[in-house]
1. Would you check if there is a residue in the stretch 68-89 being crowded, with 17+ Cβ neighbours inside 10 Å and in a strand (DSSP E or B)?
2. Report whether or not G58 is open to solvent by 30 Å² or more (accessible area, probe 1.4 Å), more than 15 Å from the chain's Cα centre (by Cα), without any contact (Cβ under 8 Å) to a residue 60 or more places away in the chain and closer than 24 Å to T121 by Cα.
3. Hey, S86 hits all of (1) within 17 Å of V26 (Cα to Cα); (2) among the small types (G, A, S); (3) free of Cβ contacts under 8 Å to residues at least 12 places away in the same chain but one; which does it fall short on?
4. Of all the residues that make up the stretch 1-55, how many are part of a helix (DSSP H, G or I) and either modelled with pLDDT of 85 or more or in contact with a Lys or Arg (Cβ under 6 Å, 6 or more places away or on another chain) (or both)?
Amino acid sequence: MRFFPVLGTLLTFGAMSAANASPTAVEGTWLNGDGDGLIRVELAGSELRATILGSATGDSGRADRDEKNPDPALRNRPLTGLNIFSGFRYDGDDTWSGGRIYDPNSGNTYRCKIQLLDSNTLKVRGFIGVSLFGRTEIWKRRPN
């Protein structure tokens, strides 16, 4: 008999936490998983954008052009200001899916899922085909 009130309470709190999730919670400046790149994530209309701001380490030896791009016509474009996200949809509960992420270090574009684990931790999963074949990076929020 006591099971049903407890279950009802749990379902209510679960619904409240999902309702409090916001697509804008992912916005901010992030340090990528390698610890060398600063990325600005923002919502522009319904589009999630991730713009490369530059090197977090000040490494002047890193490429400043998109030299690994498979399209020769794009290999001279600057990396700073480059949007590396496309096609994401907000699934609720601080999760984005259905998108793609461009990796300027390899010149490859991967399918991607993003989840805000807490206010300062972003899980970025890039993969080929199914999510099983991929790599996860943990991005850390940087103060603005």
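The values are calculated or read from the model by the stated rules, or taken from the named source; none is laboratory data. Since the structure is predicted, the reported quantities are computational estimates derived from the model, not experimental observations. Ideal geometry is used to build each Cβ from the backbone, glycine not excepted, and the neighbour counts take in all protein chains shown. SASA here: full protein model, heavy atoms, side chains in, ligands and nucleic acids out. Shrake-Rupley method; radii C 1.70, N 1.55, O 1.52, S 1.80 Å.
1. Yes: one or more hits.
2. So G58 passes the test.
3. With respect to (1) within 17 Å of V26 (Cα to Cα); (2) among the small types (G, A, S); (3) free of Cβ contacts under 8 Å to residues at least 12 places away in the same chain, S86 is out only on (3).
4. Within the stretch 1-55, residues that are part of a helix (DSSP H, G or I) and either modelled with pLDDT of 85 or more or in contact with a Lys or Arg (Cβ under 6 Å, 6 or more places away or on another chain) (or both) number 4.
Residue-by-condition table, conditions (1) at pLDDT 95 or above; (2) within 22 Å of D36 (Cβ to Cβ):
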residue: T57; (1), (2): no, yes
residue: S97; (1), (2): yes, no
residue: N120; (1), (2): yes, yes
residue: I128; (1), (2): no, no
